[in-house]
Amino acid sequence: MRVFVTGATGFIGSAVVRELLGAGHQVLGLARSDAAEAALKEVGAEAHRGDLTDVDGLRVAADATDGVVHTGFIHDFSDLHGALRTELAALAAFGDALAGSGRPLVISSVTGLLTPGRLGTETDGSDPAAPGAHRAESERAALALADRGVRVSAIRLPAVHGAGDHAFVPALIGIARDKGVAAYVGDGTNRWSAVHRFDAATLYRKALETAPAGAVLHAVAEEGVPLRGITEVVGRRLDVPVVSLAPEEAAGHFGWIAAFVGNDNPTSGAATRERYDWQPAQPGLLADLDQDHYFA
């Protein structure tokens, strides 16, 4: 299968590209720069120059391939409305290119759109009060493409970890370095579900190959890792005190990630593992966090 991959040189997308190539697929990766194009060619993929705002280019690339894996997203928390507009326009372009063909489109969503405080499953819808609720509209828009003859599926991602991570865990480490303490909120028993990026990449491939139209998959290897456990590893590795903050102190300490730090997001991936024979094999979040690559 010749597959168009957005976010192809990113943290998750680069792992997906390698997974697809290793399974015998051909990859056409979206590349915004000469460096990205070179990186794709180095691993044996083709490059399509452009970005997520180039809807005509996205449509052309999708039309020229056998399916699309969409891992790209503009993670600009200062302009979430703009990021959503870009995402919806990209999904519409993919829908136009793939409509009526039965070709696969695998899109990325987040477990953070689920109701906090209870175990979320693949059949659960979004909660407007959840920290990741901004991704719900694009998930719904993507899944609606099933009605247009697209074999679309959505992969909900938890905290994704591994070498090269630049999201929430490195943000926690950076804040702990800057402030001289590793902090959690309240008693620290709120949970983050998690997956290693290589395990997530395997699930993207399986979804591309076999997921039916309208499927929702949970790329969850660990249902819930307590925030206090994460913080204790950070404190030990940085040799800084580990402290508890009152909820009203969280925003001042953590800034833009405060809502995510305090979120209780236990999520099940049991149905996904059974249906797609997906067996996560990489280290868990705490074991991975204890490696030097997070503290280099």
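The values are calculated or read from the model by the stated rules, or taken from the named source; none is laboratory data. Owing to the predicted nature of the structure, the values given are computational and were not obtained by experimental measurement. Methodologically, a virtual Cβ is constructed for each residue, glycine included, from the backbone with ideal geometry; neighbour enumeration extends over all protein chains shown.
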Sole exception among (1) at pLDDT 95 or above; (2) part of a helix (DSSP H, G or I); (3) more than 29 Å from Gly100 (Cβ to Cβ); (4) not polar (S, T, N, Q) for Ala207, by number: (3)
Every residue from the stretch 10-24 that is in contact with a strand residue (DSSP E or B) (Cβ under 7 Å, 6 or more places away or on another chain) and either free of Cβ contacts under 8 Å to residues at least 60 places away in the same chain or in a strand (DSSP E or B) (or both): Gly13, Val17, Leu21
Positions within the stretch 93-119 being assigned to a strand (DSSP E or B) and of a type in the set (A, V, I, L, M, F, W, C), in sequence order: Leu105, Val106, Ile107, Val110
Test result for Thr65, within 21 Å of Leu217 (Cα to Cα), of a type in the set (S, T, N, Q) and modelled with pLDDT of 95 or more: no
Pair list, Cβ under 7 Å, 6 or more apart: the stretch 206-232 residue within 15 Å of Ala270 (Cβ to Cβ) and of a type in the set (D, E, K, R), other residue modelled with pLDDT of 95 or more and in a helix (DSSP H, G or I): Glu222/Leu285
For Trp192: the one exception among (1) closer than 20 Å to Glu139 by Cα; (2) of a type in the set (A, V, I, L, M, F, W, C); (3) outside any helix (DSSP H, G or I): (1)
Enumeration of residues in the stretch 120-140 that are outside any loop (DSSP other than H, G, I, E, B) and of a type in the set (S, T, N, Q): Ser138
Per-region count, the stretch 134-184, residues among the small types (Gly, Ala, Ser) and closer than 28 Å to Thr9 by Cβ: 13
